[in-house]
Amino acid sequence: MSTSLRDVRDQRGEVVAVAQLGGGMVEVSARLPHLAGVAKPGQFAQLRCGGSTTPLLRRPFSVAWTEDDVASFVLAPVGVGTRRLAALRPGEPLDALGPLGQGFTVSGATRALCVSGGLGCAPFPLLIRALRRAGTQTVTVVSGAASAARLYPAARFARGDPGVHVEQVTEDGSRGRRGLVTDAVPAHLDGASTAVYACGPTPMMVALARILQGSPAPPIAQVSLEAPMGCGYGTCLGCALPVRGADGQAWTLCCREGPVMDVETVDWDELMTLPPAHVA
Amino acid sequence: MPELQVDLGRGLRLSNPVGLASGTAGFGFELADLVDLDRIGALYTKGTTRMPRAGNPPPRVAETAGGMLNSIGLQNPGVEHVATVYAPLFSQWRCAVIVNVAGATVDEYVQCVRILDGADGIAGYELNISCPNIAHGLDLGRDPGEAARLTAAVRAVTERCIVVKLSPNVSDIGAVAAAVESAGADAISAVNTFVGLKMHRQARRPVLAGSGTGGLSGPAIKPLAVAAVAAVRAAVRIPVIGVGGIIDTGDAVDFIIAGADAVQIGTATFPDPSTAVRIVDGLTEHLAMVGISHLSELRWHPQEPTIGLFAAAGVAPPP
Ligand SMILES: Cc1cc2nc3c(=O)[nH]c(=O)nc-3n(C[C@H](O)[C@H](O)[C@H](O)COP(=O)(O)OP(=O)(O)OC[C@H]3O[C@@H](n4cnc5c(N)ncnc54)[C@H](O)[C@@H]3O)c2cc1C
Ligand SMILES: Cc1cc2nc3c(=O)[nH]c(=O)nc-3n(C[C@H](O)[C@H](O)[C@H](O)COP(=O)(O)O)c2cc1C
Ligand code: FES
């Protein structure tokens, strides 16, 4: 009837490091033993600066990395909530409710392709580690952004793992290939042996879904989607996303059935008609 | 030991006055892992309708200063599913589960309550005559005569406690309250959300889908909700349940002073699932701190002459 939240805790962590990654992007690491211990790749946490009720609602962020009792998040200041989180300093408190949602399916596919657009980079470091531990031989990341300054540093995807290859794409050509990240995708698709994972802006995901429709089916094709959230744990019914139901179009909850979904379950035409989640 | 029990009428006694508001607690099982449902007084379920509803297209929620707008569109699996699949789960928690019912016609409410009356585990009904997010959702709640007709029709088919949930989007909330009291309501909850509109500056249109309006909740509405509760309290004798913008014990106390017998916590549960349980503990501490044994002693009686703070505390003013 519902996904269990038995693993979910609300923990007050202490920020231990804030790394500036350029272009305003930061990686915030906090001592959050529970989250760091149980979060699976693709799951997220609802964050707020410790104890603060301004803004009122927490903000959802993918768990980007875990190491011992520390969990890390990648974000950039795009609005009131992210501005406050990006300004956190070591020693300050960070509240995290999680882990929430369904993560990526990690299986031992021979190869994996990670398609990352802008801040969609966030879930990949943790996913890549899990894939490699599960026996995937090579992981290729195609990482795109508007310009070089907005690219997630290539070395942070691999974190020292030689089995991870990163190909960069920028819209303005300031680094790597010029164009859209999806332009680089077809060359890496080889049907049954490459699992495909994607996270990025909706138009990128729609373009990817179209490319996959015209290609041999990968063993796994999953995307991590966004929706504005009230609660993040399946109670407010605020985070509806369009899916292809048994009898036509239906809504599903991003926070509970997602954020990671199989490409073929999403109603991409309907999703494209929705306004972007971000309101400046 | 201070006494937190509250009597809502028709034999429905809550262990304490703190409830989870409709639409912010699902049907219980959704957040049972996050909120200790044995510790709160009541859980008011998501609005339940005669037929299943898929809900509105997204975006359905948008944050605003000190609050949020929602336009969920009463997504729910329909009353038959609630009666047969969800109700059997209710008795596993110690809180009273009050099913919130919504509809577009009097007949839909009556049918829902008839079906739910056949199920065990339901402590009572909260009639939502005030949902701003469905077509006609407000009509039954705006007119005192219509609200009374609805209440009387439901009263005729159930012996369980009936709470009528009022809309603040009316010109005279006291008149609606008095009408439903005389039609047989056991208690009144006030208030539902206020109609609001948030604009998307780049797109030059509303953020929320459809007409763009949504229901405003959260701390931003608290003073408005307290005023509504005071107006309802002045108009009726039955128990009043205050709701709107409560995030801590002090907020709950304000509603009780204004005339509420119980409270509901809504939006505050989203960022902080432990809010309601914290307020239960906070109310006990508050009673001990001010040295009274029952919450009703906190109530403001507007007709009584004002007693100076020093006199109230039994001390002489400084010379
Ligand atoms: C499951 C999930 C995982 C995410 N992971 C990351 C991540 O790892 N790194 C990262 O930088 N961003 C991530 N995001 C997006 C991030 O949550 C938003 O950028 C953030 O909520 C914006 O808040 P704000 O106050 O700065 O912006 P504002 O525009 O001021 O926020 C206003 C409201 O809109 C909501 N909102 C705004 N943008 C988004 C968005 N893109 N998605 C959902 N709601 C939004 C906010 O939560 C808030 O309620 C994720 C979103 C989801 C749903
Ligand atoms: C997301 C959401 C969904 C709601 N759904 C319902 C509902 O189905 N029926 C109802 O009577 N009230 C509903 N409400 C209103 C709340 O029960 C409550 O009256 C209102 O939010 C004010 O309280 P708050 O400020 O504490 O949230 C909903 C509120 C929110 C935020
Ligand atoms: S965010 Fe509340 S149900 Fe998904």
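The values are calculated or read from the model by the stated rules, or taken from the named source; none is laboratory data. Quick caveat: nothing in here was measured; it's all calculated off a predicted structure. A quick note on method: Cβ atoms are made from the backbone with ideal geometry, for glycine too, and the neighbour counts reach across all protein chains shown. These accessible areas exclude ligands, DNA and RNA; they are computed on the full protein's heavy atoms, side chains included. Shrake-Rupley method; radii C 1.70, N 1.55, O 1.52, S 1.80 Å.
Summary of values
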item	result
Distance histogram in 10 Å bins (all Cα pairs of segment A:147-280, percent per bin)	11, 35, 36, 17, 2
For segment B:221-286 versus segment A:39-104, the gap between their alpha-carbon centres in whole angstrom	30 Å
Relative contact order computed over segment A:9-100 (Cα-Cα under 8 Å; 6+ residues apart), in percent	42 percent
Rg/Rg_ref, segment A:225-268, where Rg_ref = 2.2 N^0.38 Å and atoms are Cα	1.07
Solvent-accessible area, 1.4 Å probe, carbon plus sulfur percent, for segment A:1-149	49 percent
Area of residue B:301 that stays accessible when all protein chains are in place (1.4 Å probe, Å², to 10)	70 Å²
For segment B:167-319: relative contact order, % (alpha-carbon pairs under 8 angstrom, 6 or more apart)	19 percent
Positive dipole terminus of the protein assembly as shown, leading residue within B:18, A:39, A:202 (C-beta point charges)	A:202
Bins of 5 Å from zero: percent of alpha-carbon pairs in chain A	1, 6, 13, 17, 20, 18, 14, 8, 3, 0, 0
Antiparallel DSSP beta bridges within the protein assembly as shown, percent to nearest 5	50 percent
Hits among lysines - C-alpha to C-alpha of residue B:198 under 22 Å, sequence gap 8 or more where chains match	B:222
Accessible area (Å², per residue) of chain A, counting only protein heavy atoms and a probe of 1.4 Å	39 Å²
Environment charge of residue A:147, counting only residues whose C-beta is closer than 12 Å and scoring Lys/Arg +1, Asp/Glu -1	+1
Probe 1.4 Å, accessible area per residue of segment B:187-314, Å²	44 Å²
Peptide-level mean, for A:257-269, of C-beta atoms on other protein chains within 10 Å	0
Average beta carbon contacts from partner chains per residue of A:95-103, 10 Å cutoff	1
Assigned charges on the beta-carbon of Lys, Arg, Asp, Glu; segment A:9-100 dipole about Cα centre (debye)	340 debye
Furthest towards positive pole of dipole, B:229, A:142, A:232, structure part the protein assembly as shown, Cβ charges	A:142
Peptides ranked, highest mean first, by Cβ atoms within 10 Å: ranges A:57-65, A:27-35, A:201-209	A:57-65, A:27-35, A:201-209
Spherically averaged projected area in nm², based on the convex hull that wraps the Cα atoms of the protein assembly as shown	29.6 nm²
Share of Cα-Cα pairs in segment A:88-188 lying beyond 17 Å, as whole percent	56 percent
Cα pair distances exceeding 17 angstrom across segment A:9-100, given as percent	40 percent
Apportionment of accessible area to carbon and sulfur, chain B, percent (1.4 Å)	55 percent
Antiparallel bridges, percent of DSSP beta bridges restricted to chain A (to nearest 5)	60 percent
Mean shadow area of segment B:43-164, taken as a quarter of the surface of its Cα convex hull (nm²)	8.2 nm²
Cα-centre dipole for segment A:104-224 with unit charges at Cβ (Lys and Arg positive, Asp and Glu negative), debye to 20	280 debye
Sum of side-chain charges, residue A:65 neighbourhood, beta-carbon under 9 Å (Lys, Arg +1; Asp, Glu -1)	+1
Euclidean distance of C-alpha centroids, segment A:240-277 and segment B:141-170, integer Å	37 Å
Accessible area buried, both sides summed, chains B and A with 1.4 Å probe, Å²	3000 Å²
Chain B - Rg (one decimal) and Dmax (whole number), Cα, Å	19.3, 69
Average Cα contact separation per residue, chain A, under 8 Å, 6 or more apart, as relative contact order %	17 percent
Shielding of B:267-275 by partner chains, average beta-carbon count, 10 Å	6
Evaluated at q = 0.12, 0.15, 0.21 Å⁻¹: base-10 log I(q)/I(0), Debye formula over Cα of segment B:1-71	-0.49, -0.71, -1.06
